[in-house]
Amino acid sequence: MREIALYIHVPFCIQKCRYCDFVSYPYLQPESISDYFKVLTQELQIRTENDKLQNVVLKSIYFGGGTPSLVSPEILNDFLLLLRQNFRFSESIEITVEANPGTLNSEKIREFAHLGVNRLSIGIQSFQNRFLSFLGRAYREKEVHNLLTELIDTGLFLNWSFDLMYGLPFQTFSDWKKEMEHLLMYQPPHFSLYNLTLSHQVPLRIFLKKHFALFPGQDWEASIYRWTQQILRKYGYRRYEISNFAKPGYECLHNLTYWRNQEYLGLGVSSSSYLGGIRMRNASTLSHYQKRIKNCQSPVVTKDILNLKQKLAEEMILALRTSEGVETEKLFKTYPESLVQEKLIQLEDFAQSHFIHEREGRWILTSRGTLIANQLFLEILD
Ligand code: SF4
């Protein structure tokens, strides 16, 4: 039976963070969410037919955003029922909702759990008010602690995660140690660590240009990353992807689908899908997305059919992000020998420079390689 993952983009937030380049809009009135879910329902019908998804089994559902925790339990319930009518759910299905502090209380946590949501992923970014206000987050430290305490006290979610960010202006080693102390106090089964990256369109980019010297820089980031990994190992965490850490058995099933280059359907504005070897992207603005659906058109605006060489390169890059690494035998089973040989020469070059190493037929990034992973990925794509 064909198994796929499902992503649903919910593009509404309390306010726009100053570093955010995701497709998200300030949430002005409750109707915007209910209207959006009506459009999502129509998209589901269009896509199920167009992409021939009538007989698939869902192994994971991920409500990402945006701030999906703004969605009411009633709307979520209706949508999950609709999904059950259209697809079979795998017995071990993982259903994640992304949440932000200030938008979820113990009552809503209970209601989400009751609907079958079995994983929460919380966008915390920092436990310190000065960083939260610098980033333009809509909550403060107190609300972070309230949410985590309520989540743990309800005891309904064994599987949950939060994100933290490093590389912020004025951030010192002692600031980072404080973040880690909080992390170890709550010990989430899973968490993600990201460095602050600022694309050209975001307001903080202007700040970066003017005050570049205030940012701690790559060497600092590399040293705290190494320090953090050592500490976390002692607490039973394993880094299973460049930015993601988990206790055994709590790796995110949904994200593993992406990194294993397996199929997924993305619904909603700007979502991507990968089905039958074709990468697709939906319209990237809310008005364009809604207009297409209202005209009974598919919201997919780009389709890339990858050739074997591109597929191989993408599969290698995604696998290198993870601790599973690239499995040589699998490549030979899937791709022409000449293409694989070409790429293996490249991997051997990386290994000579100690950026990757080979273990039991798998190529895995070293700590040194992890720090320059994006450069290595560009070479593989070349
Ligand atoms: S909460 Fe997340 S998606 Fe929303 S504006 Fe902030 S960074 Fe962007």
Q. If you scan the range 352-367, which residues turn out to be surrounded by 15 or more Cβ atoms within 10 Å (Cβ to Cβ) and closer than 22 Å to D219 by Cα?
A. F355, I356, L365
Q. Among the numbered criteria (1) among the aliphatic types (A, V, I, L, M); (2) closer than 30 Å to S298 by Cβ; (3) in a helix (DSSP H, G or I); (4) touching a residue at least 40 places away in the same chain (Cβ under 8 Å), which single criterion is violated by L58?
A. (3)
Q.
Quick check on my filter: what residues within the range 115-128 are more than 12 Å from the ligand (Cβ to nearest atom), within 17 Å of G155 (Cβ to Cβ) and open to solvent by less than 20 Å² (accessible area, probe 1.4 Å)?
A. V117, R119, L120
Q. If you go through the range 92-105 one residue at a time, how many are over 22 Å from L44 (Cβ atoms), assigned to a strand (DSSP E or B) and within 15 Å of the ligand (Cβ to nearest atom)?
A. 1
Q: Name every residue in the range 1-50 that is assigned to a helix (DSSP H, G or I) and under 17 Å from T103 (Cα atoms), in order of residue number.
A: P30, E31, S32, I33, S34
Q: Determine which single condition G276 fails, assuming it passes every other condition in (1) surrounded by fewer than 19 Cβ atoms within 10 Å (Cβ to Cβ); (2) modelled with pLDDT of 95 or more.
A: (2)
Q. If you check L183, L193, which single one turns out to be within 22 Å of the chain's Cα centre (by Cα), within 16 Å of the ligand (Cβ to nearest atom) and not small (G, A, S)?
A. L193
Q) So which pairs qualify, if the first residue must be in the range 142-158 and in the same structural domain as Q187 (by TED's automatic domain parsing), the second must be open to solvent by 40 Å² or more (accessible area, probe 1.4 Å) and among the small types (G, A, S), the Cβ gap must be under 9 Å, and the two must be at least 6 apart or on different chains? A) E143/G102; V144/G102; N146/G102; L147/G102
Q: Have a look at F79, F112, F89 and point out the one that is closer than 21 Å to A5 by Cα, open to solvent by less than 50 Å² (accessible area, probe 1.4 Å) and part of a strand (DSSP E or B).
A: F89
Q: Looking only at the range 228-242, decide whether some residue is more than 20 Å from T172 (Cα to Cα) and polar (S, T, N, Q).
A: no
Q.
Taking the criterion of being of a type in the set (A, V, I, L, M, F, W, C) and on the phi > 0 side of the Ramachandran plot, would at least one residue in the range 160-182 satisfy it?
A. yes
Q: Go through the range 1-45 residue by residue and tally those that are out of contact with any strand residue (DSSP E or B) (no Cβ under 9 Å at 6 or more places or on another chain) and open to solvent by less than 10 Å² (accessible area, probe 1.4 Å).
A: 1
**Q.** Residue list for the range 51-86, filter: more than 20 Å from T96 (Cβ to Cβ) and within 16 Å of the ligand (Cβ to nearest atom)
**A.** none
Q) Taking the stated definitions as given, is L70 surrounded by 15 or more Cβ atoms within 10 Å (Cβ to Cβ), free of Cβ contacts under 8 Å to residues at least 60 places away in the same chain, among the hydrophobic types (A, V, I, L, M, F, W, C) and in the same structural domain as S192 (by TED's automatic domain parsing)? A) no
Q. Looking at the range 19-50, which of its residues are of a type in the set (F, W, Y), closer than 20 Å to L265 by Cα and either in contact with a Pro (Cβ under 6 Å, 6 or more places away or on another chain) or more than 9 Å from the ligand (Cβ to nearest atom) (or both)?
A. Y36, F37
Q: Filter the range 129-179 for residues that are away from the ligand (no atom under 16 Å from the Cβ), assigned to a loop (DSSP other than H, G, I, E, B) and either open to solvent by less than 20 Å² (accessible area, probe 1.4 Å) or closer than 21 Å to T228 by Cβ (or both) and give the result.
A: F157, P169, F170, Q171, T172
Q. Could you give every pair whose Cβ atoms fall below 6 Å, whose first residue belongs to the range 283-297 and is free of Cβ contacts under 8 Å to residues at least 12 places away in the same chain and at positive phi, and whose second residue is open to solvent by less than 80 Å² (accessible area, probe 1.4 Å) and assigned to a loop (DSSP other than H, G, I, E, B), counting only separations of at least 6 or pairs across chains?
A. none
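The values are calculated or read from the model by the stated rules, or taken from the named source; none is laboratory data. Small disclaimer: the values here were computed from a predicted structure and weren't measured. A quick note on method: Cβ atoms are made from the backbone with ideal geometry, for glycine too, and the neighbour counts reach across all protein chains shown. What goes into the accessible areas is simple: the full protein's heavy atoms, side chains included, and nothing from ligands, DNA or RNA. Shrake-Rupley method; radii C 1.70, N 1.55, O 1.52, S 1.80 Å.
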